[in-house]
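Shown next, in structure tokens, is the structure this report addresses.
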Amino acid sequence: MIRLAVALFVILAMPALAQTGRVTSGEHDGFTRVVIDFGKPVDWQFGRSESGYELRQPDTQMAYDLTSAFALIGKSRLAAIEGPPGTGRVQIGLACACHAIPFEFRPGIVVIDLKDGPPPKNSIFEEYLEQP
């Protein structure tokens, strides 16, 4: 009976073991900064999508905590941000004629700056990501 109870507890606790990426943001003069803290180093890709931009990483079980995404900013540049369950992706919708420049602040933390105006010429982040 105890083994059954322990097994049941482990099965029920498994979703809690899934990694969560925390998304925060801040408003600055000329750009909006979105920060995704994965809590561990990840391989990521960034590029254009139908709705704006998209960040991809291989852990499809990664959930995203978006509760603070609009805590300190309005929607003048960032119109929407979503992390559809089971995809490992973050979708970014724009509300302006602006562009995105992502960089890795340190392993496990990706920063995306949404800057006013057109993107730099030949920016690799303006290319559409391949559909899976």
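The values are calculated or read from the model by the stated rules, or taken from the named source; none is laboratory data. Fair warning: this is a prediction, and the values are worked out from it, not measured in the lab. In this analysis, Cβ positions are derived from the backbone assuming ideal geometry, glycine residues included, and neighbour counts consider all displayed protein chains. Surface areas here come from the heavy atoms of the whole protein model, side chains and all, with no ligands, DNA or RNA. Shrake-Rupley method; radii C 1.70, N 1.55, O 1.52, S 1.80 Å.
Compute the signed sum of charges (Lys and Arg +1, Asp and Glu -1) over the other residues within less than 12 Å, Cβ to Cβ, of residue 19. List each step's numbers first, then the result.
Values: positive: 22, 40; negative: 37, 59, 65.
Summing Lys and Arg as +1 and Asp and Glu as -1 gives -1.
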Alpha-carbon centroid distance for the pair segment 72-123 / segment 25-51, whole angstrom: 5 Å
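Restricting to DSSP H runs of at least four residues, report the calculated mean residue ellipticity at 222 nm for the chain, -39500 (n - 2.57) per run over all residues, nearest 500 deg cm²/dmol. Walk me through the numbers on the way to the answer.
Details: 1 runs with 16 residues, N = 132.
Value at 222 nm, helices only, nearest 500: -4000 deg cm²/dmol.
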Per residue accessible area in Å² of the chain, where ligands, DNA and RNA are left out and the probe is 1.4 Å: 61 Å²
Given [x] 65, 32, 26; [y] 41, 33, 28; [z] 78, 28, 27, the label whose value is Cα extents along the principal axes in Å derived from this model: [x]
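Which percent of the accessible area of segment 43-130 is formed by carbon and sulfur heavy atoms (probe 1.4 angstrom)? Write out the running numbers ahead of the final one.
On the way: 2530 of 4750 Å².
Reported share for carbon and sulfur atoms: 53 percent.
Around residue 31, with a cut-off of 15 angstrom between Cβ atoms, what is the net charge of the other residues, counting Lys and Arg +1 and Asp and Glu -1? Walk me through the numbers on the way to the answer.
Details: positive: 33, 75, 77, 115; negative: 27, 29, 113, 116.
Net charge around residue 31: 0.
Net charge near residue 43: determine it from the other residues with C-beta under 10 Å of the C-beta of residue 43, scoring Lys and Arg +1 and Asp and Glu -1. Let's see the in-between values first.
On the way: positive: 56; negative: 59.
Around residue 43, the charge tally is 0.
Express the relative contact order of the chain as a whole percentage, based on alpha carbon pairs under 8 Å and six or more residues apart in sequence.
Working: 260 pairs, mean separation 34.7, N = 132.
Relative contact order for the chain comes out at 26 percent.
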